Amino acid sequence: MDSFIIEGGRPLKGTLRVSGSKNAALPILIATLLTDEACEIDNVPNLRDIRTTFRLLESLGKRIEYDGDAVRVLARGRLETRAPYEIVKQMRASVLVAGPLLGRFGTVRVPIPGGCAIGMRPIDIHISGFKALGATEHEETGDAVLKAARLKGRRVRLRFPSVGATENLMMAACLASGTTVISNAAQEPEIEDLGAFLNKMGGEVIGAGTGVVTVKGDRRLRGGQHAVIPDRVETGTLLLAVAATGGSARLEGACADHLKAVLDKLSAAGGRIRSGYGFIDVSMASRPKAVGIKTLPHPGFPTDLQAPWMSLMCLARGSCLVVETVFENRYLHAGELVRMGAGIQVRGSVARVSGRPSLSGAPVMASDIRGGAALVVAALAAHGKTKIQRVYHIDRGYERLEVRLRRLGARIRRVRE
Ligand code: UD1
């Protein structure tokens with residue numbers, strides 16, 4: 001298992017290009033199950049979750065070719081309609097195969113993902129959406145088995161704007177008969193990107209990225225080419241790392257429109273932000289001011305940046321509240337930050353963060369992707385040496401983070417044990 005060794009206390013400086021979005025690339029790669037024709041997806045980040053998605057698609061009968069960040073997904077024969085548990089247990093987003101396979105073949109069997117470090121994460125909203133389109137569901141040895149002679153376009157209102165459920169239903173609805181209208185849909189930029197790809201495949205998806213998504217069915221989807229949007233979570237993590245170290249940097253290829261809530265908070269905390277087409281500049285000249293956040297579905301403050309924000313606030317003048325409303329158990333990083341000298345008290349979904357003038361390096365452990373990234377942010381700012389264990393969590397969502405941070409002057413290296 002790999003660890004990071006970080007010698008902190010150096011302001012990050014320079015220019016870095018951000019990667020393609022993991023959370024956009026996953027559903028887009030999975031949407032290729034809607035056709036037998038070749039699809040080319042560009043700007044795909046080289047990450048563990050993406051490699052897991054390749055294995056998932058291969059296990060279902062696709063062939064994958066890739067060259068750098070360009071991926072081609074090709075047909076190999078008839079597709080399977082059963083997703084392997086071995087893969088689903090590693091990556092919950094695997095349940096997104098349900099929509100395209102159910103829509104295309106009228107049957108699919110997916111293992112119900114168990115809970116994970118940050119919460120129970122049920123898939124009831126996905127299932128009730130499929131049922132609203134006319135599918136039946138029963139459970140068999142831990143799998144959800146969905147069937148429908150032909151899905152029928154309907155009005156579906158989600159009880160919560162789940163990102164995955166919105167994506168699953170959009171993909172299924174392209175092949176249903178008639179029109180589907182998904183209301184209380186998730187509005188994340190990754191959903192807009194999936195909608196754009198489905199339209200390139202010959203679908204007709206209107207309003208993806210807003211609260212109401214209309215999908216005209218009865219389509220036969222073709223192959224398509226698409227470049228994935230930049231990763232707003234990676235961008236946000238890097239912005240917060242630069243700010244926490246009192247540095248100044250330019251993130252090229254970044255999209256400020258996707259990060260409005262975060263940039264507003266970062267400005268309120270004293271960060272200087274300048275953005276234009278395809279770049280965001282950030283600098284932080286002094287200790288940040290304490291600014292509270294509450295995570296919400298997009299366009300609210302993203303839950304995926306709650307942990308890195310908390311790391312920045314550990315160094316703020318004053319204290320603030322961090323409120324997590326999307327996942328029920330997303331404070332695993334807090335205890336590790338306390339080991340580095342942070343003042344954090346967690347009560348249920350609310351954390352009170354009392355800023356300190358500095359943090360100090362310590363051995364700590366990552367337990368989820370974004371919580372792990374938050375430890376990197378804290379370690380870069382801390383005095384002394386930090387060892388972060390279980391870096392495989394971070395590798396799921398950040399492409400060679402240590403190599404990229406070194407380009408900004410960070411002292412970080414990976415050690416294999
Ligand atoms: C996606 C992102 C993840 C991000 C999350 C919220 C991907 C691959 N992952 O995850 O990085 O943190 O959005 O922005 O895009 N829920 C239910 N029942 C359901 C579905 C969800 O109760 O059927 C709950 C979840 O337990 C969670 C909340 O709704 O508490 C949000 O989940 P959801 O929006 O579905 O997140 P994911 O698509 O899993």
Reachable lysines from residue 131, Cα under 17 Å, same-chain residues fewer than 8 places away excluded?
147, 152
Gain upon complete extension [residue 407, residue 346; 0.36 nm per residue less C-alpha separation]:
18.5 nm
Order these peptides, 183-190, 157-164, by their mean beta-carbon neighbour count within 10 angstrom, highest first.
183-190, 157-164
Given R₀ = 41 Å, what would the calculated FRET efficiency be for residue 76 paired with residue 277, taking r from the Cβ atoms and rounding to 0.05?
0.55
How large is ³J(HN,Hα), in whole Hz, for each residue of segment 134-143 in order, when computed from phi with the Karplus curve 6.51 cos²θ - 1.76 cosθ + 1.60 and θ = phi - 60°, using x for Gly and Pro?
x, 7, 9, 9, 9, 10, 9, 6, x, 9
Per-residue ellipticity at 222 nm for the chain, helices alone: DSSP H runs ≥ 4 residues times -39500 (n - 2.57), over residue total, nearest 500 deg cm²/dmol?
-9000 deg cm²/dmol
Per the Cα gyration tensor, segment 10-121 corresponds to an equivalent ellipsoid with semi-axes, largest first in Å, of 27, 20, 10
For segment 76-93, 3J(HN,Hα) per residue [Karplus equation, 6.51 cos²θ - 1.76 cosθ + 1.60, θ = phi - 60°, Hz, x = Gly/Pro]
10, x, 6, 7, 7, 10, 10, 8, x, 4, 4, 8, 4, 5, 7, 8, 4, 4
Computed over the Cα atoms of the chain, what is the ratio Rg over Rh, Rh following Kirkwood?
0.98
Using the Karplus curve 6.51 cos²θ - 1.76 cosθ + 1.60 with θ = phi - 60°, what ³J(HN,Hα) values do you get for each residue of segment 162-167, in whole Hz, with x for Gly and Pro?
5, 5, x, 5, 4, 5
Residues other than residue 61 with Cβ under 13 Å of its Cβ, Lys/Arg counted +1 and Asp/Glu -1, net out at +4
Long-range amide H partners of residue 178 with built H, under 5 Å
153, 217, 218
What Rg and what Dmax come out for segment 22-227 when only alpha-carbon atoms are used, in angstroms?
15.2, 41
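Readers should treat all values here as calculations from the given coordinates under stated rules, not as data from a laboratory. Keep in mind the model is a prediction, meaning the values are calculated, not measured. Note that each Cβ is placed from the backbone with ideal geometry, even for glycine, and that neighbours are counted across all protein chains shown.
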